1. Would you work out which of LEU120, SER65, THR104 lies farthest towards the positive end of the dipole of the range 44-136? Charges go on Cβ: Lys and Arg +1, Asp and Glu -1.
2. Output the pairs from LYS87/LYS121; LYS96/LYS170; LYS81/LYS121; LYS90/LYS121; LYS96/LYS121; LYS90/LYS163 with a Cα-Cα distance over 20 Å in this structure; if there are none, say none.
3. Which distance in nm do the two modelled labels at GLU208 and GLU32 give, with both placed 7 Å along the Cα-to-Cβ direction?
4. Of all trypsin sites (Lys or Arg not before Pro) in the range 73-118, which ones are in loop regions per DSSP and have a Cβ with at most 15 other Cβ atoms within 10 Å?
5. With a/c under 1.5 counting as rounded, go ahead and sort the range 25-132 into rounded, prolate or oblate using the C-alpha gyration tensor (a ≥ b ≥ c being the square roots of the eigenvalues; past the cut-off, prolate if a/b is larger than b/c, else oblate).
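Values quoted throughout were computed directly from the atomic coordinates according to the rules given, and no laboratory measurement underlies them. Predicted model, so just to flag it, every value in this text is computed and none were measured. Cβ placement follows ideal geometry from the backbone for every residue including glycine, while neighbour counts extend to all protein chains displayed.
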Amino acid sequence: MRKHLSATVFIFIFFCCASAFAQSNAGVFIFEAEGNAAINQNDIAAARDGAVQSALQRAILEAISVLLPLSVKDEKFLPVKNEIIEKQDKYINNYKITTENKQTETYFVTVNVAVELFSLKNDLARRGFLSISDEEKNDIIVLLNVNGLKRYSDFIYLKEFLKKRTKIVKSIYPRSFKWQQAYLEIRISGSVRDLADELAGTGRYVLEDEQVNNSQITINLLQGEGG
């Protein structure tokens, strides 16, 4: 049996690749945001987390400022702003802390943030602050659960395959990773079955038919097909 990449190395490569793909994808905005939080009772970890959350919040508000003609400080927008901030994790595709430091009793971070637009635009449209195209209204989000990714090249093949299916696949957001298993959130135009059939047609994957439903597809990479 050939040696595989270690879990640590593979996870590192996976998230670097996810970040690079997100930056080239029209489904996200990339921002460099600063955040800070007070250090209470010498709890550095809590202050660091608070500073990161502050930066993520600022990135989301920057994205809203790009999408909307009115200021996020407008009183009419305040209830929606509070609602969005309360569930801000929903709108973060991925992020990376680029700098961090402690100054007296305050912790500061600079974070590179990818803000996911599909959910953000839909929520703004639902509250009457944004109009979205009929095409976007008909798009759906599918969770793709992939098992058996033994090598980096297995993930690259899948990503490139999906990117070429432009009639169906509109955007891809890698969400999480465990050893030999990846979860991707995919925005598609069409049906879940259409995408499942495309994947099955490669001859590389076996579909778990009971896991093909309105919002999820589970596939297994065939042994001997990776690399």
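1. Most positive-ward Cα: THR104.
2. On the way: LYS87/LYS121 14 Å; LYS96/LYS170 24 Å; LYS81/LYS121 13 Å; LYS90/LYS121 12 Å; LYS96/LYS121 23 Å; LYS90/LYS163 23 Å.
Violating the 20 Å limit, Cα to Cα: LYS96/LYS170; LYS96/LYS121; LYS90/LYS163.
3. 4.2
4. Answer by residue number: LYS73, LYS87.
5. Prolate is the answer for the range 25-132, as a/c is 1.5 or above and a/b outweighs b/c.
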